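Notes to accompany the following structure.
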Amino acid sequence: MADAPGDNEIILAVNLTKIYDLDQQQVQALSGVSLSINKNEFVAIMGPSGSGKSTLMNILGCLDTPTSGDYFLNGKLVSSLTEDELAYIRNKEIGFVFQVFNLLPRANAFRNVELPMIYAGAGREEREQKARWALEVVEMKERMHHLPAELSGGERQRVAIARALVNNPSILLADEPTGNLDTRTGEEILKLFHKIHEGGNTIIMVTHDHEIANHAERIIHIRDGQIEKEEKTGG
């Protein structure tokens, strides 16, 4: 087993592999990936389509498990956790932001944001207080009673980010968060990520766009299931 992570490491992955069985053949999505991410870092994972970056993202978010290797999250070995503990982590420790906004079409912005707290069993007063707070962080408090269809793409992504933040997660995982947005709106969302990062959150953003990745402090380049290189940015 790998050495336990240091005090400042929120994520430590050691020699992760992932093999999928597809149509009687094996596809290796990850081939010995090792990385470390510190608390309150803003990191981009960058690579072309099919590089393994989404597979890595799913493992880091506890949505998938590696075929081999060790993954520590907040000092805990993920493979040793129960299903209930993993569900708790996905709901409380990690906030997810996707390219498609995944909002419930018949629920207004406020109801969409409070949904993770309903799953967590929070009371009505706590849900209302935290949902209003999260919508205020993303500057959507004035639009909280609007349905997704009544919001622009950028506004819907802001609501999705508020939903990811509402349980005060230590990590925000964003998968191509500006992929469905025009350039100007994408820049607004990235400014919002910087604001959230300054508030103390660790942010991990997956992208294929180097211009987007440059907003992070560090870029991890992945190709053919392996880390090709890392670079510091001015982000």
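If only one of G199, G225 is of a type in the set (G, A, S) and closer than 22 Å to K18 by Cβ, which one is it? Exactly one residue qualifies, and that residue is G225.
Does I45 satisfy the criteria of being buried (at least 20 other Cβ atoms within 10 Å of the Cβ) and assigned to a helix (DSSP H, G or I)? Answer is no for this residue. Just one residue in the set G154, G121 is free of Cβ contacts under 8 Å to residues at least 12 places away in the same chain and small (G, A, S); that residue is G121. Within segment 199-227, the set of residues being in a helix (DSSP H, G or I) and within 20 Å of L56 (Cβ to Cβ) comprises H210, I212, A213. Listed by position, the helices (runs of 4 or more DSSP H) contained in segment 81-149 that have at least 3 residues being in contact with an Asp or Glu (Cβ under 9 Å, 6 or more places away or on another chain) are 109-119, 124-137. Whether a residue is assigned to a strand (DSSP E or B), touching a residue at least 24 places away in the same chain (Cβ under 8 Å) and not basic (K, R) was assessed, and D21 does not pass this test.
Condition check: crowded, with 16+ Cβ neighbours inside 10 Å and closer than 25 Å to K195 by Cα. Does L60 satisfy that? Working first, answer last.
Details: crowded, with 16+ Cβ neighbours inside 10 Å: yes; closer than 25 Å to K195 by Cα: yes.
The answer is yes for L60.
Out of everything in segment 63-98 that is among the small types (G, A, S) and surrounded by fewer than 17 Cβ atoms within 10 Å (Cβ to Cβ), what residue ends up being nearest to Y20 (Cα to Cα)? The selected residue is S68.
Among the candidates R156, R143, R124, the residue that is over 20 Å from the mean Cα position of the chain (by Cα), over 16 Å from I37 (Cβ atoms) and surrounded by 17 or more Cβ atoms within 10 Å (Cβ to Cβ) is uniquely R143. Summed over segment 168-198, the residues that are under 16 Å from the mean Cα position of the chain (by Cα), surrounded by fewer than 22 Cβ atoms within 10 Å (Cβ to Cβ) and in a loop (DSSP other than H, G, I, E, B) give a count of 5.
Each value in this text was obtained by applying a stated rule to the coordinates, not by laboratory testing. Bear in mind that the values here come from a model prediction, so they are computed numbers and not experimental data. When we count neighbours, we look across all protein chains shown, and the Cβ atoms used for this are built from the backbone with ideal geometry, even at glycine.
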